[in-house]
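Undergrad: For reference, the structure I am asking about is given below.
Any read-out appearing in this document is the output of simple, stated calculations on the displayed coordinates, not a laboratory observation. Nothing here was measured: the structure is a model prediction, and the numbers come from that model. All Cβ positions, glycine included, derive from the backbone under ideal geometry; neighbour counts span all protein chains shown.
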Amino acid sequence: MIYLALNEDKNSMIGIKQIASDLDIPQPFLSKILQQITRHKLLLSNKGPNGGFMLAKPASEISLMDIVTIIDGSNFFETCIIGLNRCDETLEHAHCPIHNDFSPVRKELKNLFEKKTIGLLAVEISNSGGNIRI
């Protein structure tokens with residue numbers, strides 16, 4: 001997504017082969033992820049020789065949380081970190097042994113993911129002269 005944001009000024013679709021090659025990601029794996037994101041209306045895609053992917057809306061409107069939720073779901077932010085069933089935010093005393101330590105970290109991480117956008121990350125990468133290699 002950041003790669004697409006960094007290349008969105010070209011105003012054209014970028015082929016999956018190009019993205020996979022530039023990011024050194026296996027094409028079948030990348031294809032499944034991009035299809036999943038496309039189904040959630042964050043990407044536009046076209047098949048064919050001039051096909052590819054591009055952002056469906058401005059990068060400044062796509063948060064990290066949008067992507068995390070699409071790919072991994074929101075369970076990380078809602079369930080017990082060690083997998084116990086009793087770690088419910090709505091119950092005052094039914095928490096796991098690490099709940100009170102991890103709860104503030106989880107809230108900060110959730111806040112970060114909600115506030116950081118793909119657009120902000122792309123700008124920060126561009127300004128630092130960095131590249132997007134994973």
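Undergrad: With labels modelled as points extended 7 Å from the Cα through the Cβ direction, what inter-label distance (nm, one decimal) is found for VAL123 paired with SER103?
TA: Spacing of the two 7 Å Cα→Cβ label points: 3.5 nm.
Undergrad: Stretched out fully, how many nm does the piece from THR79 to SER21 gain, at 0.36 nm a residue minus the Cα gap?
TA: Values: separation 58, 0.36 × 58 = 20.88 nm, distance 3.62 nm.
The THR79-SER21 span can extend by a further 17.3 nm.
Undergrad: Quick one: plug the Kirkwood hydrodynamic radius of the chain (C-alpha pairs) into Stokes-Einstein at 10 °C, 1.306 mPa s, and report D in µm²/s.
TA: 95 µm²/s
Undergrad: Follow-up. Output the 0 to 90 degree angle, nearest 10, between the alpha-carbon long axis of helix 118-128 and the longest principal axis computed from the alpha carbons of the chain.
TA: In the chain, helix 118-128 runs at an angle near 70 degrees to the longest axis.
Undergrad: A further question follows. What residues have an amide H closer than 5 Å to that of LYS116, excluding those fewer than 5 places away on the same chain, when H is modeled at 1.01 Å from N in the peptide plane?
TA: Those lying under 5 Å, H to H, from LYS116 are LEU64.
Undergrad: Can I ask one more? At a threshold of 8 angstrom on Cα-Cα distance, excluding pairs fewer than six apart, so keeping six or more, what relative contact order does segment 12-84 reach in percent? Don't skip to the end; give the middle numbers.
TA: Working: 57 pairs, mean separation 21.7, N = 73.
Reported as a whole number, the value is 30 percent.
Undergrad: Also, quick follow-up: Please list, in chain and number order, the residues 5+ apart from GLY15 or on another chain whose amide H is under 5 Å from its amide H, with Hs placed from the backbone.
TA: Here the answer is PHE53, since their amide H atoms fall under 5 Å of that of GLY15.
Undergrad: In the chain, how many lysine pairs have Cα atoms under 23 Å apart, counting only pairs 8 or more places apart or on different chains?
TA: For the chain, qualifying lysine pairs total 20.
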